[in-house]
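Down below is the structure, laid out as structure tokens.
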Amino acid sequence: MTASLQHPGYDPERLLCVAEKMPCRVAQAGTLLSLMGEPAQYSYPSIFLYGHRSTGKSHVINTLLMDLELPHATVSCVECVSVGLMFERVLLALFGPDTSTLLPRSPSLSDFVRIYRQQAPLSPANQTRYIVIEKAELLRDMDSNLLPVLVRLQELVDDNVTVILLSEIVWDRFRPNTGCFEPLILYFPDYSKGDLQQILSQDIHPSYSPELYSAFINILLGVFYSVCRDLRELRHLAALNFSKFCEPLKEGKVKESDTHKLWRNIEPHLKKAMQTVYLRDVSSVQWEQQLQQTEEKECAALKGLSAHAHVELPYYSKFLLIAAYLASYNPARTDRRFFLKHHGKIKKTNFLKKHEKTSNHLLGPKPFPLDRLLAIFYSVVDSRVAPSASVFSQISSLVTLQLLTQLGHDDQLDAPKYKCAVALDFIRAISRTVNFDIVKYLYDFL
């Protein structure tokens with residue numbers, strides 16, 4: 001339910017419409033209206049609004065000024081590359097197109113104040129005039145006397161005008177060493193997770209129910225809220241990934257109520273999108289094309305593998321197979337260098353012998369004992385695994401699947417030896433499924 005916005009100087013119905021356009025920011029809008037006062041009254045000379053990026057500062061002030069039909073001029077310090085361009089836009093918005101031509105070629109602050117004082121009686125206003133300056137932190141890089149003049153412009157031009165500064169940094173970073181007039185300060189806090197859920201859920205898709213889109217936003221915030229609270233960036237991510245979220249629905253595989261299956265479908269795409277948060281190097285269409293090309297390449301790579309690539313293996317069986325491949329293609333003396341955390345300094349010149357020029361991959365897999373396989377396995381697996389019968393049974397399963405080859409007789413129980421029977425492309429595909437970079441642990445790729 002939208003909170004009410006009340007002020008004695010404005011129509012309650014109009015204020016209700018204004019409040020509906022600024023969800024989760026009605027409290028700040030009410031405080032701002034109180035600082036601005038009634039339309040016919042003199043307002044405070046300057047107001048300073050600050051808060052992080054995308055916290056609703058520009059949206060709130062522009063909505064109030066436009067919907068309440070208050071005379072105003074809005075300029076951005078990013079667009080106004082010079083002071084003269086800023087003065088021209090202010091005079092153009094407040095007094096019409098003819099006044100901006102009165103400025104000289106390189107106007108000074110005195111020229112701006114003089115022309116303003118001349119035009120104000122010719123265009124009398126029954127309401128307070130407002131000058132909104134966005135990205136006000138860039139004023140610090142302009143003339144040193146510009147900011148002190150703007151915060152007390154009402155006194156200099158003798159008119160009912162209020163300057164509103166919007167910034168992402170606090171006022172203490174603005175205050176000149178010589179001091180200046182202190183504006184009224186209003187802080188815009190970050191949106192909470194509930195606020196973002198409420199705001200983003202309003203961007204419903206016409207083809208799907210509001211409940212489905214709200215569930216998607218809940219999943220999106222669960223992934224990205226810890227790293228990104230920028231409303232515009234989250235809205236961009238939602239628009240980018242919602243089509244992927246709805247793919248199982250279009251294909252008729254799941255229903256809208258089955259959010260668990262929808263989550264499993266969208267999870268890998270959200271993980272990829274996590275790498276591009278705040279990076280707009282490419283457009284949304286280009287990003288989707290890149291994802292499609294990446295998926296096609298991965299599918300093509302999997303098609304070129306042997307039939308074993310399509311065998312689903314348990315989680316620890318994958319690590320056992322990785323450990324077996326490393327044991328087959330790495331010399332035993334290199335285990336200390338690859339798998340021991342505190343192995344000390346090993347010079348590369350001593351580690352790589354000159355006479356070892358032949359690649360181990362060209363020589364083929366070498367046999368290794370069971371204890372070496374388990375030692376490497378416990379080193380590469382990403383969690384503590386206790387030696388149990390299940391680990392040994394998975395080794396037997398790998399032998400049955402012909403992914404490992406057991407050497408010697410079956411009755412040799414004291415020290416069985418194995419060889420890995422898979423190719424490099426296959427083991428790299430297996431390693432990608434558990435996020436393990438096997439190339440870093442191969443002796444031939446040093």
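So here's what we get for this one:
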{"read-out": "Region 67-119 - percent of accessible surface contributed by carbon and sulfur, probe 1.4 Å", "value": "48 percent"}
{"read-out": "Potential extension, residue 399-residue 14 segment - 0.36 nm per residue separation minus Cα distance", "value": "131.0 nm"}
{"read-out": "Projected label distance in nm at residue 267 and residue 182, using a 7 Å step from Cα toward the beta-carbon", "value": "5.4 nm"}
{"read-out": "Cα-based shape type of region 136-231, given that a ≥ b ≥ c are square roots of the gyration tensor eigenvalues and the cut on a/c is 1.5", "value": "prolate"}
{"read-out": "Accessible surface ranking that places the most exposed of 142, 86 first, with a 1.4 angstrom probe", "value": "142, 86"}
{"read-out": "Spatial separation of Cα centroids for region 1-51 and region 74-140, in angstrom", "value": "25 Å"}
{"read-out": "Efficiency of FRET between residue 445 and residue 202 - r from beta-carbon atoms, R0 41 angstrom, step 0.05", "value": "0.20"}
{"read-out": "Solvent-accessible heavy-atom area per residue, rounded to whole Å², over region 69-146 at 1.4 Å", "value": "52 Å²"}
{"read-out": "Over 25 Å between alpha carbons, listed pairs 318/440; 193/272; 21/255; 135/271", "value": "21/255; 135/271"}
{"read-out": "Ranked packing of 6-13, 393-400, 361-368, most packed first, by mean Cβ within 10 Å", "value": "393-400, 361-368, 6-13"}
{"read-out": "Within the accessible area of region 1-66 (1.4 Å probe), percent carbon and sulfur", "value": "55 percent"}
{"read-out": "318, 419, 440, reordered so the largest accessible area comes first (probe 1.4 Å)", "value": "440, 419, 318"}
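The values are calculated or read from the model by the stated rules, or taken from the named source; none is laboratory data. Quick caveat: nothing in here was measured; it's all calculated off a predicted structure. Note: ideal-geometry Cβ built from the backbone for every residue, glycine included; neighbour counts use all protein chains shown. Accessible surface areas use protein heavy atoms only, side chains included; no ligands, DNA or RNA. Shrake-Rupley method; radii C 1.70, N 1.55, O 1.52, S 1.80 Å.
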